[in-house]
1. Out of (1) surrounded by 18 or more Cβ atoms within 10 Å (Cβ to Cβ); (2) within 13 Å of chain B (Cβ to nearest Cβ); (3) part of a helix (DSSP H, G or I); (4) not acidic (Asp, Glu), the odd one out for residue A:725 is which?
2. Please give the number of the condition residue A:615 fails out of (1) more than 14 Å from chain B (Cβ to nearest Cβ); (2) small (Gly, Ala, Ser); (3) within 16 Å of residue B:155 (Cα to Cα).
3. Go through the stretch A:963-989 and report how many residues are among the acidic types (Asp, Glu), touching a residue at least 12 places away in the same chain (Cβ under 8 Å) and outside any loop (DSSP other than H, G, I, E, B).
4. Could you please find all residues in the stretch A:278-317 being within 14 Å of chain B (Cβ to nearest Cβ) and either surrounded by fewer than 24 Cβ atoms within 10 Å (Cβ to Cβ) or under 24 Å from residue A:388 (Cα atoms) (or both)?
5. When residues of the stretch A:1-11 are filtered for being surrounded by fewer than 20 Cβ atoms within 10 Å (Cβ to Cβ) and either at pLDDT 95 or above or over 12 Å from residue A:347 (Cβ atoms) (or both), how many remain?
6. Which residues, counting only those in the stretch A:74-92, are farther than 28 Å from residue A:15 by Cβ and either assigned to a strand (DSSP E or B) or of a type in the set (Ser, Thr, Tyr) (or both)?
7. Report the residue count in the stretch A:839-881 for those that are outside any loop (DSSP other than H, G, I, E, B) and within 39 Å of the chain's Cα centre (by Cα).
8. Return only the number of the condition from (1) in contact with a Phe, Trp or Tyr (Cβ under 6 Å, 6 or more places away or on another chain); (2) away from chain B (no Cβ under 14 Å) that residue A:797 does not satisfy.
Amino acid sequence: MSGYRLPQGGALITRDMPVGFTFDGRPHTGFAGDTLASALLATGRRLFARSFKYHRPRGVVSAGPEEPCALVTLRDGARREPNMPATMAELYEGLSAHSQNRWPSLALDVNAINGLFAPLFVAGFYYKTFMGPTRKAWHLYEHVIRRAAGMGAATLEADPDRYERATAHCDVLVVGAGAAGLSAALAAARGGARVILCDEHPAPAQRLSGVTGTVNGQPLLAWTRATMTALRALPNVRVLTRTTAYGLYDGPTVGAVERVADHKAEPVAGEPRQRHWTLVPRHIILATGAIERPLVFAGNDLPGVMLADAARSYAENYGVAPGRQVVVFTNNDSGHRAALALAACGVTVAAVIDPRPDGGVAHAEALAAQDIRRLPGAVVARATGGKGVKRAEVHAYDAATGTLGRRLAVLDTDCLAVSGGWTPTIHLASQTGGKPVFDETLHAFVPGPTPPWLTCVGAAAGDLSLDSAIATATRAGSESAPVPTVTEEPDGQTLLPLWEVPAPRGGGKKFVDLQHDVTADDLRLAHREGYRSVEHMKRYTTLGMAGDQGKTSNVNAMAVMAEARAATVAEVGTTRFRPPYTPVSLGALAGRAVGAHFRPERRTPMHDWHLAHGAEMIQAGPWLRPRVYRRGGESLDQAIAREARAVREAVGMVDVTTLGKIDVQGPDAPEFLNRVYVNGFGKLPVGKARYGVMLRDDGIVYDDGTTWRLSETRYLMTTTTARAAGVLSHLENLLAVRWPDLRVQVTSVSDQWASVAVAGPRSRETLRRVIPDIDFGDDALPLMGVREGSLNGLPVLVARLSFSGERAYEVYCPFRHGDAMWRAIMAAGEPFGITPYGTEALGVLRIEKGHVSGPELDGRTTLDDLGLGRMASSKKAFIGKVLRHRPALMAADRKVLVGLISETGEPLTGGAHLVTSADPAAPGRSEGHVTSPAVSPALGRPIALGLLERGRDRHGDVLYATDPLRQRHVKVRITAPCLFDPEGDRLHA
Amino acid sequence: MPELTIAPLAPASLHQVAGWPDTFTALTARLRAALGVDALPVVGRFLAAGGADIAALAPGRFLLANAALPALPAEEAAVTDLSHARTAVRLSGPAARPLLERGISLDLDPAALPPGAAVQTLCAHFDVTLLRRDLMVFDLYVPASYGEAFRAWLDDARLGA
């Protein structure tokens, strides 16, 4: 047993509110306000986790988001979440936490055997072992290694909780609610600015790091609380607690995650577990504070070795003694202050070891008064123990030469509190691109040049003085704000850089990156092997690449590298920090875009009718379309065949509301369409429609559809369902950028019209019964004719168009009347056996006719490939006209559209390759592929459209459609694309 | 939960009227006279006049709801009937803005988007035309085919607002 709950104290906990929780199934009790780390430390636990690579025992190092070691799995079942720092997990009643990366138990972990093979697991282990000649070994070992590697395991169940995304704008965003952040926010808000203040902790100033003093005569802590209360009362301030600003992006825009309900067993109804904020400020003030650095010495990863300020925080904030016999090892005065604070809380502190020759002299009297032994000019050269630190070997240290002297003492300790100085939290500032600058006083990187909309204040800017931080931050908030009066404890001596303590005889591992198990030796190995740039060193050793993003390891690593390169830390520089500052859950990024909200459905007005009549719906982009209306007992193929036959033999109706529809209007509309389409539209008579094809600039086919001339200055363009939005953007771009002189307006009317295609020999009779005011005679309404009429009083547009090859009409009516129109036509067609058909039958009918669609307009085919070359006008200019004649698009061996007939009756599959070999095991070179397969009721066998090299010269040839994935190899005969009614007689039937 | 009302809007008509640089002056003169207003709104604003809403969505482009349209020569303006193309809802109450913050990334502060603002933006996945009628009253127009999906999104988003 080590740590314990102190009889009193704990600024953040409420002692009369006990909270029950479990760790590895064992019940414990903490207090409201505890973190999982503080509550477990209070039970005497030091062993929290096993390390990533060597499975070494690890304890709590920090009291914040920088925690590299005490990673646990929170909650069970669908809410299980691995790799969470126990230091950030707020305790709640019933919290169930588990240790991870161990088997069978935390205390006895068989993979700890990795430690014996440590010489193997050096930097670059994977590259060295599995690349080059031994590459194939990876496939042999991958399974075993993947199981042994990694940390906790995520749940496989769906996350039951709600996540949200939201956006907030402000004039000033302040990140961090410490003394500096609060000052900046208050000044900015009182100056009238719209302020957002966010902080990752539940309460402000939780990380004031043992700083004491007064502000405007008030004790610091009381002042921070009063300031927070004042801020919350201002209408122009939004305070976001438990909110981590994780990324700073151009704009500026800041990504932040609010942990709304992570501190509860379950979110209350409607409440999200987390909320992702996109914050859009005009100005950002980063008051992100600083993080204490560990010291690098042999055995520095033993449970019980923790940051001195974290030890202080556990005692002061949570009323927890981190050990029964604390030894402090520090190279700067904050370690001494921590020792005194611990002692003031009633924690036994045995000694303070300081490498500076007169280290901590300012605190000598105070330490003596607490009976704390002061050992200046000395270092802890090695910590020893099994599953926790037991002893600290103290040696004399010559700061001038950096050499170890004689052993001065071996101190018994169960908590070795270390401080290597303070590292400003510059992650967000670094993300903006300013190269961080090495500060020779602080011996850490501070933000480099910042853009004009970004200000760093307080410890984040390297300013560790309370007085100066509050003054600078206040002025950053508002130039004219009154600066508070601050008193503080005078700063002590300057820090002695102590980057790595030489190991005494017997050595010992010295960890730099505690989460990724990277040692000082690993860094030197990387240097010897040529990975000398910090960016290379980082990638080779994986230093700083774990979930903690090198918060505690970065500066020490750069210094070890500098030593190896015989350069200064400033010369070595630091790696660029990248988002996120702390891990972001995928749920927060997805927000509500899950389930039905992942991609909202577009529905036609006939949707409910389709469902009521047995339609199986299929997604077509965002649209839902009936695929097939299966009748009792029918197989899919039977239903498709029945629907297709109905169109060929009687009459069928399909919902084509999903087609894109664009209103093209203006005096120059004829000229505009002439330029957009390969064929002419200028001379199209009013009341007629024409099939048009448009190319991209590069001569490839972009989209097709019919366009109807409604008046001299007005056309209704239809596009494919898939390209509706793309075509509109294309047209708008042309009008805005290329031809701003053309007086044309284009407007999407896709949602203005509901539309159906009524097809088949009885289509005319059907429509005559419901649209009496249109003369359906072939002279009055010829093929491609367009007429206005009325259907049961509804205004409709009728165009005689055919995709199926049968006599057919498209009928358009205002969107909300679509269902009424559909029902009326169904009723009118009943005597003729009108059959609703879906996209499958629609496909069968057009494949029989050799009409191209999406699978053929694949962004690679030209007009000539599709057999449409003769459509292109030679008299006028149009988009793509020049480049369609590029040599590559004119090559003789291009794949062109062909029809395919299964010789054996075996079905064809889309994507099957066309080959000449009869042997499926040796199919040979692909000469083309199947684009659109169908089983043709009209021809009584499987057919397809395909693209085949020199296909037009090969009609009658026999090839094979090979599909190794579906294990098919079907003999096919090549034909012209149109397999049914090539003369087109049925259009007039 | 703070108060929020989501009510369907059913404008009798919805038209887009657009002109060209050389016809815009003539077009606006005809619209002013027909609609009985002294001036048309600038881009990004709308005007409520005699039961009609006139929103300037883009340079040379207006959206008119419930307006009695004058006859406009085809060489001067393009009029597109969108009466069926949109589904409209009105959100009102203190929770309207927090709800919209969950879908819209524009600044909804009255200083940036005052009553009278008319903007086209995205709300979650949906293209919306947003008219802010009052501090806590927003009219939203979405494509008709997305009507049900948008309503489902609103019903879900209000849980968190």
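The values are calculated or read from the model by the stated rules, or taken from the named source; none is laboratory data. It should be emphasised that the depicted structure is a prediction, and the values quoted were computed from it without experimental measurement. Reconstructed Cβ throughout: ideal geometry from the backbone, glycine too, with neighbour counts over all protein chains shown.
1. Tallying (1) surrounded by 18 or more Cβ atoms within 10 Å (Cβ to Cβ); (2) within 13 Å of chain B (Cβ to nearest Cβ); (3) part of a helix (DSSP H, G or I); (4) not acidic (Asp, Glu), residue A:725 fails exactly one: (1).
2. Status for residue A:615: all satisfied but (3).
3. 1
4. A:278, A:280, A:282, listed by residue number.
5. Qualifying residue count, the stretch A:1-11: 6.
6. Result: A:81, A:82, A:83.
7. Total satisfying the criteria: 4.
8. Every condition holds for residue A:797 apart from (2).
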